[in-house]
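Computed from the coordinates by the stated procedures, all read-outs in this text should not be read as laboratory data. Since the model is a prediction, treat every value here as computed from it, not as a measurement. Virtual Cβ from ideal backbone geometry, glycine too; neighbours counted across all protein chains shown.
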Amino acid sequence: MRAGAKLATLAETYRDNREGLKVSLGRQPVVAALDLGASKVACFIMKPDGVRRIDRTLTTAGVGYVQSRGVRGGAIVNLEEASDSIAQAVERAENVAGVQVQGVTVATAGGQLASHRVSGRVSLGARPISDADLVRAIRAALDQVKLPGRRAAHILPVAWAVDGQVGIRDPRAMYGRVLQVQLLVVSVAEAVFQTLEACVERAHLQFEGVVAAPFVSALASLAEDEMDLGAVCIDMGGGTTSAAVFSGGSLVHVETVPVGGQHVTSDIARGLSTSLSGAERIKTLHGSAIASANEDKETVEAPPRGDDPGAGPVSVPRSLLKGIIAPRVEETMELLRDRLRASGAVIEPDAGLILTGGASQLAGVLEVATRVFDRPVRLGRPRRVPHLADAASGPAFCAAAGVLHRSAFGPREAVSAKALAKADIRRLPLDPGANPVAKAVAWLQDNL
């Protein structure tokens, strides 16, 4: 691997030339995002002309999604079934887009997502701060990264400081004696990373990296001022519930708990002695995490478990269904709240909560989240992809849309996704003495 600590600032100079460079470098211009969850597998495809920089919106060329198989609790449990689901979702999106996808970037909340900060500092001379100084600072921070048994998914510059002055977003051309940088490293378990790669390649696709689902869901659903003022995006999937914390315009923490919508479905199936498919249907049609009027008088019917033709449907009061759902939803929210508190992550006092993911659409979840976190809560949608059909424009599709947004608008990371997918980050630093043009071309080749 020849290119290393990539600078977010280098992209600004060359942003207008990116599409031309893609063609000249022979890169695949189509971007494909794959959201691999426990409930569904979704694929969004975007062509180069799908990016509108004027209003920072996107247009997808094709969308495809299927019911997920082979994934449970945020982890792949059957490689063949999972790869078949991936292939089917991608094929459906390809048929709509009229293009063939070469590789995909996978969004996941599995793999025991975790994040921690590292910092680096370098001394400066009597001259303006240059790109080379930023490279040296990032290299010093990367030297602190130790991830035994884990693989970095994101390495994001969080903050720069010059002589102790914090809050600097671009220190270039400034003067000082010491330059400092803080990096946020988001990682997944190495074994899960390798399983994801094998699963994608089994579907005859190139694995172009993995991204944290709550992070990209936030990119799709949050406004820029929400990121600046502080926000927590909670992605409620089928197998996991994860959170991305933003402050000062940057991602500052990622947290996850191994509980999701499928656990609610399992609770219903056990409590009502019905099948999983029947429990899912009841949850969708009649489920709620809060009390409703006349629920004691209302009844719901569920198909019996097993294949006994003489068995009649299971009929129970709706209040019993709520009594099964509410404790699990409250437990999930409380567990996530406690983990965020224990992590020491800086959450702004007036930061709002944005819920995404399919499980967030269950009635009453917003009210429970408001009570547990004692903050204003809203439901998030892919706000930067306005043309999506109703079936693909809900909270469940924020992660796939966010992967496309990350590709088009950033934020730029210290190390490219492709580099993280293929190399040890300890071997990555750029040569600060290299020709600036050569450094820029190397960065673009690895990030396009």
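Can you give the longest stretch of the chain with no exposed loop site, where a site means trypsin sites (Lys or Arg not before Pro) in a DSSP loop (not H, G, I, E or B) with at most 15 other C-beta atoms within 10 Å? Longest site-free region, per DSSP loop and neighbour criteria: 178-296.
3J(HN,Hα) along the stretch 248-263, derived from phi through the Karplus expression 6.51 cos²θ - 1.76 cosθ + 1.60 where θ = phi - 60°, amounts to x, x, 10, 6, 10, 6, 10, 9, 8, 10, x, 9, x, x, 5, 5 Hz, with x in place of Gly and Pro. The long axis of helix 318-343 is offset from the longest Cα principal axis of the chain by roughly 20 degrees.
P(r) tail for the chain, what percent of Cα pairs lie past 42 Å? Everything past 42 Å amounts to 17 percent.
Only Lys, Arg, Asp and Glu carry charge here, each on its Cβ (+1 for the first two, -1 for the last two); on that basis the stretch 224-382 has a dipole of about 380 debye about its Cα centre. Toward the positive end of the charge dipole of the stretch 295-419, with +1 on the Cβ of Lys and Arg and -1 on the Cβ of Asp and Glu, the farthest Cα among A396, V385, V316 is that of V385. For K146, a cut-off of 12 angstrom between C-alpha atoms picks up these aspartates and glutamates, skipping any fewer than 8 places away in its own chain: D424. For the chain, a crude dipole built from +1 on the beta carbon of Lys and Arg and -1 on the beta carbon of Asp and Glu, taken about the Cα centre, is about 1200 debye to the nearest 20. Between amide H atoms placed 1.01 Å from N, distances below 5 Å from A159 occur with Q182, all of them 5 or more places distant or on a separate chain. Spin-label model, Q206/K47: points 7 Å from Cα along the beta carbon direction are separated by 2.0 nm. Per-residue packing, averaged as other Cβ atoms within 10 Å, sorts the ranges 96-107, 245-256 into the order 245-256, 96-107, beginning with the highest. In the chain, the DSSP-assigned H stretches of four residues or longer account for a calculated mean residue ellipticity at 222 nm of -11000 deg cm²/dmol, using -39500 (n - 2.57) per stretch and the full residue count as denominator. The charge dipole of the stretch 347-387, taken about its Cα centre with unit charges on the Cβ atoms of Lys, Arg (+1), Asp and Glu (-1) only, comes to about 260 debye. Summarising the label geometry, the points placed 7 Å from Cα in the beta-carbon direction at A126 and R341 lie 5.4 nm from one another. Couplings 3J(HN,Hα) for the stretch 159-168, derived from phi with the Karplus relation 6.51 cos²θ - 1.76 cosθ + 1.60 (θ = phi - 60°), are 7, 10, 9, 10, 6, x, 7, 9, x, 8 Hz, where x marks Gly and Pro. Projecting the Cα positions of T59, G120, T274 onto the charge dipole of the chain (unit charges on Cβ atoms of Lys, Arg, Asp and Glu, taken about the Cα centre) puts G120 furthest along the positive direction. Scalar couplings 3J(HN,Hα) for the stretch 139-155, obtained by applying the Karplus form with A = 6.51, B = -1.76, C = 1.60 to θ = phi - 60°, are 4, 5, 6, 5, 5, 8, 7, 10, 10, x, x, 9, 10, 5, 9, 9, 10 Hz; x denotes Gly and Pro.
Under 19 Å from a label point set 7 Å out along the Cα-to-Cβ vector of R117, the amide N atoms of the stretch 227-247 belong to 227-233, 243-247. When the chain is treated as a GNM with alpha-carbon contacts under 10 Å, the residue of A203, A220, A75 showing the greatest mean-square fluctuation is A203. Relative to the longest principal axis of the C-alpha atoms of the chain, give the angle of the C-alpha long axis of helix 276-286, reported between 0 and 90° and rounded to the nearest 10°. Tilt of helix 276-286: around 90 degrees.
In bins 5 Å wide, starting from 0, what share of all Cα pairs of the stretch 200-302 does each bin hold, as a percent? Per 5 Å bin, starting at zero, the Cα-Cα P(r) for the stretch 200-302 comes out as 2, 11, 15, 13, 12, 14, 13, 11, 6, 3, 1 percent. Using 0.36 nm per residue, how much length does the chain from V178 to A363 gain when fully extended, once their Cα-Cα distance is taken away? Working it through step by step, the gained length comes to 61.3 nm. When the Cα centres of the stretch 32-76 and the stretch 242-256 are compared, how far apart do they sit, in Å? Each part reduced to its Cα centre gives a spacing of 21 Å.
Kindly put D133, D170 in sequence by how many other C-beta atoms sit within 10 Å of each C-beta, fewest to most.
In increasing order of surrounding Cβ atoms, one gets D170, D133.
Note on the stretch 112-189: Rg/Rh from Cα positions, Kirkwood definition for Rh, rounded to two decimals, is 1.04.
Taking amide H atoms as placed 1.01 Å from N in the peptide plane, the amide H of Q206 lies under 5 Å from those of G103, V104, each 5 or more residues away in sequence or on another chain.
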